[in-house]
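Shown next, in structure tokens, is the structure this report addresses.
Read-outs: derived from the displayed coordinates by stated rules, not from any lab. Computed from a predicted model, the values in this text were never measured in an experiment. FYI the Cβ positions are ideal-geometry reconstructions off the backbone, even for glycines, and counts take in every protein chain you see.
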Amino acid sequence: MVRSRSRAWYAAVAIAFFVMADLIRLALRPLRLSRFLSSDGILGIRDTLQVGFAWLGASVSAGRLRGSARELGLCHSPWPALQFGFVASLPMLVGFALTSRVNSRLDLVSVGVGCFLAPFAEEVLFRGYLFRQLYARARLGFLASALIPSVLFALGHLYQSTNPSEVLGILAITGLGSVLGCWILLRWQMNLWTVVVLHSLMNLWWEVFAVDTTALGGWSANAARLGTIALAILLTIFKDRIWGADGNTDAHTPPPTTRPAGEETREERMGQSTNPDFGKRRRRAIASIAIWTDWSDQGARS
């Protein structure tokens, strides 16, 4: 049984593991990996290690290593997320196809790292781990839980700016985009695959058509991006009508401090169902056994 922890304990653990994951970039510098690897290769190593730290932090909160995937929101079906991400990103795909040329310098490594591994690592670390820990474990409320990782996420992209106007633009785009990602994650019952797929496809279309070297972009690029954001919001609002109810109650379960992850109820430890009809079926089974026992006793006496 996992001992109940305080909200402050969960918040402290989340911040500690996040800081350790973020410091990986500094820890890799003395190794001088650039002598052997490309920048994409170094980025891939960093992202993989950050996912590992998020996984370990989630296991500490869950009380067991096997609970990390559920703690991060990775136990949901990815199929609805794939549909959602593709449809929502269509405005960017169509808009870029009409206004930009295909990037002739695409390579498999840069696409794999920049469009799939990096978005996955960022969503796991910032949304799946830090946001979810602050919201569901530390219970800080949505606004505070979303703003903390979003500000950190925006600050992590400032290296792309070269002047004050770009600094403000990148802060606004990445920060607000991160808050939107937290909202989508919450509305989709903490299914992390929704924001992973959406983030990956947005990066992919940006890279395929060589829209810009930074996350800022021009007027036409941002018009297409706003179309994707608007469509993602609409699809999220009406997701139950389109895909049906998710059926997963992770986002609405009792606070972890009242029932820590890994602490099962007596019924669950005994393998009993929590379905209301279970009691009726159980009573009927017991009655049937009693009738059969009485019948057997009568036959033995006769």
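For this structure, a couple of remarks:
- Annotation: amide H of Gly156 has no partner in the under-5 Å range at sequence separation 5 or more or interchain, hydrogens built in the peptide plane.
- Mean projection of the Cα convex hull over all viewing directions, computed for region 7-252: 13.8 nm².
- C-alpha center-to-center spacing [region 79-97, region 1-49] in angstrom: 30
- Low-density loop cleavage sites - trypsin sites (Lys or Arg not before Pro) in region 129-207, where at most 15 other Cβ are within 10 Å (DSSP): Arg139
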